[in-house]
1. Need the C-alpha centroid separation for the range 611-632 versus the range 65-132, integer Å.
2. Can you give the Rg/Rh ratio of the range 558-690, where Rg is from the C-alpha atoms and Rh is the Kirkwood radius?
3. Note down the net charge around Ala629, summing +1 for each Lys or Arg and -1 for each Asp or Glu among other residues with Cβ under 11 Å from its Cβ.
4. Taking R0 as 60 Å, what's the FRET efficiency between Leu655 and Gln419 from their Cβ-Cβ distance, rounded to 0.05?
5. Local charge sum around Val680 (other residues, Cβ-Cβ under 10 Å, Lys/Arg +1, Asp/Glu -1)?
6. HN-Hα J couplings of the range 570-581 from phi, Karplus 6.51/-1.76/1.60, θ = phi - 60°, integer Hz, Gly and Pro as x?
7. Would you mind checking which residues have amide H under 5 Å from Leu487's amide H? H placed 1.01 Å from N; only 5 or more apart, or other chain.
8. Based on the Kirkwood radius over alpha-carbon pairs, what value in µm²/s does the Stokes-Einstein equation return for the translational diffusion coefficient of the range 553-609 at 37 °C and 0.692 mPa s?
Amino acid sequence: MNNPAWADKSTTHQQFLVIGLGSLGQHCVMALKEFGVRVVAVEIAPPSLWEFSQLPEVLDGFILGDSCQDDILQGAGIQETRAALIVTSNERVNAETALAIRQLNRETRLVVRSGKENLNQLLSETLGNFVAFEATELPAVAFAIAALGTDTLGFFNLEGQWLRVVKQQTSSTHPWCQTRQLEELNSRVRRVLLHGQGSHALTPPFYQWHPDQMIGDNDRIVYVETADQFLLQQRQKTASLAVGRANRLKRQRWSEFFAQLPSRFRVRTIRQSVAQSLGQFWQLSLGQQIRRVALLCGCIIGVLLVMGTFLFHRYYPETTFLTAFYGTAVLLLGGYADLFGEFSVIPNLPWWLQLFALSLTVIGTGFVGVLYALLTETLLSSKFQLIRQRPPIPSQNHVIVIGLGRIGKQVIQLLEAFQEPVVGIRLAGEDDPTILPHLPLITAPLAIALTQGNVTTAKSVVVATEDEMMNLEAALMVRSLNPQSHLAIRIYGQQLSQHLANLLPDAQVFCTYAVMAEAFAGAAFGEKILSLFRLHNQTILVTEYTIEPEDTLVHRLLATVAYGYGVVPLLHQKKGEEPCFMPSDEIRLQLGDRLIVLATIESLRRVELGHLMPPEWQVYLTSLRSPEAAFEGANLITRMTGYSLAEARSLMHHLPALLPCPLYHHQGQRLVRALRRCQVRAELRREIGN
């Protein structure tokens with residue numbers, strides 16, 4: 001995870017290189033500067049637009065030149081660079097620059113913008129200390145989460161287990177109201193993140209809530225939980241909606257049938273219906289007249305076939321109707337020579353019947369040829385695309401995704417995993433219309449597509465095209481048609497993102513590069529960013545650590561890591577063992593352990609530098625309720641605080657006494673509750689001077 005050499009140095013000695021000063025590169029610079037590190041940028045030409053007016057002043061170095069050239073990289077100080085963020089918009093330049101840097105410095109960490117999955121895997125194996133992100137991959141998760149509604153703030157998968165970040169607002173009838181303390185919500189499947197009352201803002205840092213506070217009416221609680229139950233409920237809801245739609249459609253069809261039943265038996269009504277149908281058919285538009293021609297030709301062929309069969313049977317009494325039918329069909333298909341080809345008089349056959357047979361061949365050749373031509377044209381116009389019919393557009397409570405580019409497809413796939421009904425709107429210039437054949441798809445101008453997609457009854461709309469102005473137009477149209485829907489908008493520019501957020505305060509405006517920059521910055525310090533989501537306009541990173549020698553995490557209690565660095569542990573795994581979700585605070589991290597946490601960019605900075613927030617609470621032990629409590633109480637103190645077992649046993653025999661080691665508030669509250677359960681009276685006190 002961390003290079004120990006950096007932990008003891010001033011942050012100004014940590015150099016990071018950003019190659020490419022487009023929008024993503026500029027956001028990466030600002031994200032890295034939050035860590036207090038030295039940042040040098042390389043760009044082939046001065047940027048035409050500075051997203052941040054102060055950015056030229058905060059850069060510690062700016063080199064103009066080709067990043068693929070060794071002299072440019074050496075001039076940028078590549079030998080002293082801890083990590084290089086290669087984020088130009090040209091993937092060939094990014095790959096070539098990564099190769100050039102690895103030749104000059106075998107230790108520099110490479111964080112590359114690239115969507116070539118196979119190439120990224122090969123480069124990672126070849127170059128080592130290499131990580132690649134596609135610039136739209138992680139934001140797709142944030143878009144999908146925004147589309148799920150206000151209750152779900154985050155969704156991600158760890159080791160095949162879905163986890164969900166939820167915002168819950170209690171009421172007087174909620175089962176938690178006045179019956180549970182906040183700490184009691186924590187379990188093996190749930191962790192409380194934030195709590196607020198009234199207008200209190202629900203924003204990180206975490207653990208700014210009191211464990212023993214009773215949950216009241218109109219409280220707001222944000223927590224993370226395993227999502228198996230949620231997905232089961234989604235599947236049941238989807239199945240119930242499908243059954244309900246089928247039943248409504250069936251009832252509607254039967255009601256229409258019975259409503260029309262009395263009129264079906266009236267002769268006058270039948271005549272009027274037939275005449276109306278024929279009139280409508282005859283007045284078809286020019287594009288539909290091919291059907292009229294085909295029907296007319298077919299009728300004429302049928303009449304001639306009946307006439308020929310009757311006449312030949314009449315003048316050939318020894319023949320059957322079937323033989324006469326076959327003979328007439330042969331004539332219509334151009335087979336006159338097969339029946340009358342011999343140059344001799346045919347007895348008992350009048351001349352006019354032979355002429356009629358010749359007419360059948362001539363007319364049949366013409367009309368059958370027309371039918372063949374129409375059939376051929378129909379087959380060619382279909383382009384042999386034997387695609388199964390797409391499902392119907394949902395009438396309500398669905399999600400509309402506008403734009404089916406790379407990010408749009410990923411959003412749809414995630415929403416389908418959450419059992420959400422989705423409708424796609426495909427705009428001009430996007431991929432082939434055969435994509436996602438199982439998806440209800442609309443291909444039309446935006447205004448028409450929104451109407452056809454039932455935008456007025458949609459639950460959420462995700463606007464994620466590649467065109468920023470199209471996204472702006474679509475967002476304003478959606479908000480005017482359905483002010484109540486959840487709206488997620490993809491924007492690239494920082495200033496436009498801020499202006500649009502002010503204009504549409506209820507919408508979630510995602511500046512794609514701002515979201516990605518924090519993931520790139522976290523990865524630059526050696527962490528593995530698994531996913532991210534937005535929590536009240538702040539990015540929360542799902543980050544994986546592997547504990548290495550002299551890390552700032554090694555040998556620390558999980559309680560110290562959680563409360564001292566401000567992260568929320570989600571998964572802990574010892575080497576060779578099964579992973580444990582929502583791990584206990586009592587675990588001590590060892591070399592080789594794997595830890596996945598929720599963290600802000602500030603939390604990552606603290607972990608990187610080893611800056612623990614100081615513990616400010618102490619436990620005061622007053623008395624024992626039973627002699628046996630001393631033994632169990634000493635074990636409990638050692639396990640939950642790391643205090644020496646011998647000293648803890650000695651302390652338990654000299655009560656009342658103050659536990660010497662300071663603790664964090666949540667850690668101290670848990671210890672006091674545990675001590676009381678094993679018959680040790682204790683209370684939590686704030687340290688003097690704090």
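The values are calculated or read from the model by the stated rules, or taken from the named source; none is laboratory data. The structure presented is a predicted model; accordingly, all values stated were derived computationally and were not measured. Positions of Cβ are generated from backbone atoms using ideal geometry, with glycine treated the same way; all protein chains shown enter the neighbour counts. For the accessible areas, the whole protein counts, side chains as well, though only heavy atoms, and no ligand, DNA or RNA atoms are used. Shrake-Rupley method; radii C 1.70, N 1.55, O 1.52, S 1.80 Å.
1. Taking the Cα centre of the range 65-132 as reference, the centre of the range 611-632 is 52 Å away.
2. 1.01
3. +2
4. With a Förster radius of 60 Å, E is 0.60.
5. Once all neighbours under 10 Å are counted, the net charge is +3.
6. These are the phi-based 3J(HN,Hα) values: 10, 8, 10, 9, 7, 4, x, 10, 6, x, 10, 8 Hz.
7. Val461, Gln508
8. 289 µm²/s
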